[in-house]
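Shown next, in C-alpha cells, is the structure this report addresses.
The values are calculated or read from the model by the stated rules, or taken from the named source; none is laboratory data. These numbers come from a predicted model, not from an experiment. Positions of Cβ are generated from backbone atoms using ideal geometry, with glycine treated the same way; all protein chains shown enter the neighbour counts. When the accessible area is computed, the model is the full protein with side chains, heavy atoms only, and any ligands, DNA or RNA have been set aside. Shrake-Rupley method; radii C 1.70, N 1.55, O 1.52, S 1.80 Å.
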Amino acid sequence: MTSASFHRTITLPASLCEQAAQHLEQAVHRAIDGAAAPWRAFRQAESSNYTLSVSVVEQAAASLLVLAAESAQSMRPSALRALISVALHLRDAADATRQPAFTTTPW
C-alpha cells in the first residue's frame, strides 16, 4: 500500500481541536495560504470524535506557525504563546504518528 492511498488519522483532545479551530479562523481571516481546509476540518471535528487526517493536522500546524510569525508584533505575548503552543501541540501529535509504537532494539 502506498502512502498516497493510506490516510493516517489521529484523534486529538477536544480542547485542542477547539483552540485550533479558533486560531485557524483568525488565519483564514488574515488570508494565510492553506488555512481554510484545516479550519473546516477542525470546526467539524466533533462529528468525527476529534479524529482528523494527519496531513490536515500538519497543515493546520504550519498555518498557525505562519499566523504566529505574521502576528508576532501585534499580539499580546500571552496570546502569541497560546497560539504557538497550539501549533506545536498539533505538530508534535502529527510527528508522533511517525514514531514506532515500540522499540525493536535488543537489550
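Okay, here's what the table says:
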{"item": "C-alpha long axis of helix 77-96 to longest principal axis of the chain, angle in °", "result": "20 degrees"}
{"item": "Calculated Cα extents along the principal axes in Å (choose from [x] 51, 33, 24; [y] 45, 27, 23; [z] 39, 34, 18), label", "result": "[x]"}
{"item": "Protein-only accessible surface order, largest first, of S53, S15, S63 at 1.4 Å", "result": "S15, S53, S63"}
{"item": "Electrostatic dipole magnitude of the range 20-104 [Cβ: Lys, Arg +1; Asp, Glu -1; Cα centre; debye, to 20]", "result": "140 debye"}
{"item": "Rounded tilt (10° steps) of 14-29 against the dominant C-alpha axis of the chain", "result": "50 degrees"}
{"item": "Local electrostatic count, V54, Cβ distance below 14 Å [Lys/Arg +1, Asp/Glu -1]", "result": "0"}
{"item": "Label-point separation in nm, R81 to S48, each point 7 Å along Cα→Cβ", "result": "3.2 nm"}
